[in-house]
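Notes to accompany the following structure.
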Amino acid sequence: MIKFFLMVNKQGQTRLSRYYEHVEINKRTMLEADVIKNCLSRSKDQCSFVEYKDFKLVYRQYAALFIVVGINETENEMAVYELIHNFVEVLDKYFSRV
């Protein structure tokens, strides 16, 4: 199950966030800051799957934009990785030049 979906730029600013479970506002900011720090600090040679607390992070970088999805332990990481790519393709078709 997907817990949250984030779009973040290289400076660490959240551009879009969607939560599929209730998380209090103050906890959201702390969670986003920690997740962004974990994903941005990794090199391109490292895997795009990160175990974080009680869930996994799947992220993908497109130019200066990172898309991060938080999932539970039972979700398929490769399926979510492809979901991210399909989401970006849809955005590109709809808005052109995403």
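The values are calculated or read from the model by the stated rules, or taken from the named source; none is laboratory data. Please read all numbers here as calculations on a predicted model, not as lab measurements. Here Cβ is always computed from backbone atoms with ideal geometry, including for glycine, and neighbour counts include all displayed protein chains. Quick note on the areas: whole protein, heavy atoms, side chains included, nothing else; ligands and nucleic acids left out. Shrake-Rupley method; radii C 1.70, N 1.55, O 1.52, S 1.80 Å.
A few notes on this one:
- Among the conditions (1) open to solvent by 80 Å² or more (accessible area, probe 1.4 Å); (2) hydrophobic (A, V, I, L, M, F, W, C); (3) in a loop (DSSP other than H, G, I, E, B), residue 23 misses just one, which is (1).
- Among strands (runs of 3 or more DSSP E) entirely within region 36-98, having at least 1 residues that are among the small types (Gly, Ala, Ser) singles out 65-71.
- Considering 63, 79, 33, the condition of being on the phi > 0 side of the Ramachandran plot and either out of contact with any Phe, Trp or Tyr (no Cβ under 7 Å at 6 or more places or on another chain) or among the polar types (S, T, N, Q) (or both) is satisfied by 63 alone.
- In the set (1) open to solvent by 50 Å² or more (accessible area, probe 1.4 Å); (2) out of contact with any Leu (no Cβ under 6 Å at 6 or more places or on another chain), the condition left unmet by residue 58 is number (1).
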